[in-house]
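Since the structure comes first, as structure tokens, the remarks are kept for the end.
Every read-out reported here was derived from the displayed coordinates using simple, explicitly stated rules and does not represent laboratory data. All values derive from a computational prediction rather than experimental measurement. Cβ: placed from backbone, ideal geometry, glycine included. Neighbour counts: every protein chain shown.
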Amino acid sequence: MPLLRRTMSTDAKVRRRAYIALGSNVGDRLDMIEKACLALDQHPDIKITRTSSLYETEPMYVEDQACFLNGACEVGAFFTSLVEMTTDFRGQVETTLEPMPLLDRLQAIENELGRVKLIDKGPRSIDLDILLYEDQVIDTDRLKVPHILMLEREFVLRPLCDIIPDTTPPIGQTQVPLSESLRKLASSPSTPISTTTSMGENTFSIRALENTRPTHVMSILNTTPDSFSDGGLNSPTDELALRTTIASHIRAGATFIDIGGQSSRPNAPDVTAAEEIQRVLPAIKVIKSLPEGSNTCISIDTYRATVAEAAIKAGAHIINDISGGLLDADMLPTVGRMGCTVCLMHMRGTPATMTSAENCSYPDGLIPTIARELLDRVKAAEEAGIRRWRIVLDPGIGFAKTTEQNLEILRRMGELRTWPGLAGLPWLLGSSRKGFIGKITGVKDAKERTWGTAATVAAAVQGGADIVRVHDVDEMIKVTKMSDAIWRT
């Protein structure tokens with residue numbers, strides 16, 4: 001029976017998925033890449049749906065130039081174009097959409113950001129290349145897709161594998177998934193490629209895959225009257241006391257100051273967002289005024305979007321949200337809009353309900369469940385406009401966890417660090433003075449749990465934590481230095 005065909009042409013709006021390489025090695029590399037992403041998102045028919053981590057890589061081909069920051073993003077592109085539809089008696093429909101409008105937009109962004117190409121494969125302030133466009137093969141003078149050199153470039157494959165590791169691009173006679181192509185490209189042992197996660201302007205970045213990276217110490221500064229171990233010690237109205245405490249922590253070696261204006265201990269009374277803001281802003285002001293605080297990362301321990309926005313506007317760098325964005329629907333969109341880094345912690349319920357039997361039950365296994373639920377939070381963050389290179393994770397010790405579960409996290413941190421979909425992201429771990437330490441050591445007074453805390457901090461370093469959040473800064477600096485000397489050399 002012959003096929004019955006009907007061909008027609010019409011204008012239609014069609015969604016296509018494409019993958020874009022991002023690169024820069026001139027000037028403020030991160031700023032250039034983020035400006036390019038913002039310009040893409042501002043186009044009415046383009047939306048970034050996922051991003052990779054950023055990787056610092058040595059140059060290829062032309063080696064006498066600075067190191068690159070490289071990444072990739074997935075975009076959904078909607079273009080009005082001529083769509084040809086061919087139907088037969090089985091009702092099949094084929095659509096075609098030319099990718100040239102996307103290429104035009106990428107080149108326009110490069111020009112808008114001042115890119116000047118002096119030599120081929122040479123230094124460039126911004127580089128945007130189409131790597132894949134659906135499963136299409138395109139070969140024109142202006143565009144070749146899949147990108148003809150992508151399978152020989154680890155700095156292209158590794159970011160792509162953050163997003164679509166199982167995709168098999170239409171390249172060559174023997175086609176294999178991207179993850180397999182990456183496996184065949186062994187990194188040079190002397191120059192391993194690591195992710196790099198910025199903690200904020202004028203601070204520093206964390207290279208989570210670098211074996212010799214130092215462990216950062218985050219000082220806890222609670223400006224609350226009711227925190228479980230230091231409530232009332234740091235009044236937001238006592239500027240002299242704040243200056244003395246903060247300066248001593250920075251001099252001791254803390255690279256983060258984590259300011260909290262709302263206690264998250266079990267059953268802590270709630271305060272209004274306005275009161276929380278009044279508690280945290282004075283401490284931000286003090287840190288910004290200290291000469292020794294110029295490179296210190298200011299973190300805000302809050303789950304409220306209004307507090308986060310006020311703090312970032314006042315000069316804070318990162319938001320440390322114990323709920324991972326679950327307690328305030330506006331939190332992740334706010335962080336995405338402001339372009340700052342966020343720490344997403346694993347927690348169930350609220351501070352009032354997190355210790356319930358239901359919230360502490362993990363029938364599918366503790367580590368797999370934490371990983372799966374954090375993957376959900378990473379996905380939600382990306383959907384809200386937060387780039388993957390702006391995400392830090394926290395397994396949530398003491399939050400919806402029993403004593404044994406807290407210990408299991410400390411024993412198995414390495415599994416979380418390498419979990420598919422989470423690998424390459426920095427990890428924060430906060431065990432300081434917590435109840436399970438008191439239960440095991442028999443120390444009832446939280447302020448006296450220094451020795452037990454020291455053991456958990458050493459375990460965190462051995463497990464691969466990038467940041468440890470502590471009360472006893474001077475003591476834990478010594479613990480991390482010794483632990484780094486053992487495990488990070």
Review point. Which aspartates and glutamates have a Cα lying under 17 Å from the Cα of residue 447, excluding residues fewer than 8 positions away in the same chain?
Key: 226, 230, 472, 474, 475
Review point. Within the chain, what percent of beta bridges assigned by DSSP are antiparallel, to the nearest 5?
Key: 60
**Study point:** Cα gyration tensor shape for region 365-417, rounded if a/c is under 1.5, else prolate or oblate
**Key:** prolate
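To the nearest 500 deg cm²/dmol, what mean residue ellipticity at 222 nm is calculated for the chain from DSSP H runs of n ≥ 4 alone, each contributing -39,500 (n - 2.57), summed and divided by the residues? Write out the running numbers ahead of the final one.
Details: 14 runs with 161 residues, N = 489.
That comes out to -10000 deg cm²/dmol.
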Check your understanding: ³J(HN,Hα) across region 322-332 via Karplus (A = 6.51, B = -1.76, C = 1.60, θ = phi - 60°), whole Hz, x for Gly/Pro?
Key -> 5, 9, x, x, 7, 8, 8, 4, 8, 5, 5
Exercise for review: Treating the angle as unsigned and between 0 and 90°, give the value, to the nearest 10°, between the Cα long axis of helix 305-314 and the longest Cα principal axis of the chain.
Suggested key: 90
Point to revise | Packing rank of 22-35, 401-414, where each peptide gets the mean count of other beta carbons within 10 Å, highest leading | key: 22-35, 401-414
Point to revise | Length-normalised contact order for region 104-179 - Cα pairs under 8 Å, 6+ apart - percent | key: 19
**Study point:** For the chain: relative contact order, % (alpha-carbon pairs under 8 angstrom, 6 or more apart)
**Key:** 13
Point to revise | Partner aspartates and glutamates for residue 35 [C-alpha distance under 13 Å; skip if fewer than 8 residues away on the same chain] | key: 110, 112, 127
Study note, to complete from the structure: For the chain, longest principal axis from Cα atoms; helix 473-487 axis from its Cα atoms; angle between them, nearest 10 degrees, is 50
Practice item. Would you kindly derive the ³J(HN,Hα) couplings of region 163-180 from the backbone phi angles with the Karplus curve 6.51 cos²θ - 1.76 cosθ + 1.60 (θ = phi - 60°), listing them in order in whole Hz, with x for Gly and Pro? Key: 9, 9, x, 8, 6, 10, x, x, 10, x, 6, 9, 8, 9, x, 4, 4, 6
Review point. Relative to the first principal axis of the alpha-carbon coordinates of the chain, what is the inclination of helix 366-383, with its axis defined by its Cα atoms, in degrees from 0 to 90 and to the nearest 10?
Key: 60
Check your understanding: Rounded to the nearest 0.05, what FRET efficiency do residue 213 and residue 141 have when you use their Cβ-Cβ distance and R0 = 41 Å?
Key -> 0.40
Check your understanding: What list of ³J(HN,Hα) couplings, whole Hz, do you get for region 418-424 from phi and the Karplus terms 6.51, -1.76, 1.60, once you set θ to phi - 60° and write x for glycine and proline?
Key -> 9, 5, x, x, 10, 4, x
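Taking a threshold of 29 Å on the Cα-Cα distance, which of the pairs 434/478; 47/117; 121/379 fall above it?
Violating the 29 Å limit, Cα to Cα: 121/379.
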Revision key, fill the gap. Here the relative contact order (percent) of region 319-439, from C-alpha pairs under 8 Å and at least 6 apart, is 28
Point to revise | Amide proton proximity set for residue 209, modelled H, under 5 Å, gap of 5+ | key: 195
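What is the percent of Cα-Cα separations in region 336-437 that go past 17 Å?
Of all Cα-Cα pairs in region 336-437, 51 percent lie more than 17 Å apart.
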Practice item. Taking volume of the Cα convex hull per residue in Å³ as the quantity of interest, determine which of (i) 181; (ii) 323; (iii) 194 was computed from the displayed structure. Key: (i)
Study note, to complete from the structure: Non-local residues with an amide H under 5 Å from the amide H of residue 138, with H modelled 1.01 Å from N and Pro and chain starts lacking one, are 145
Check your understanding: Leaving out same-chain residues fewer than 8 places away, which lysines sit with a Cα under 21 Å from that of residue 288?
Key -> 313
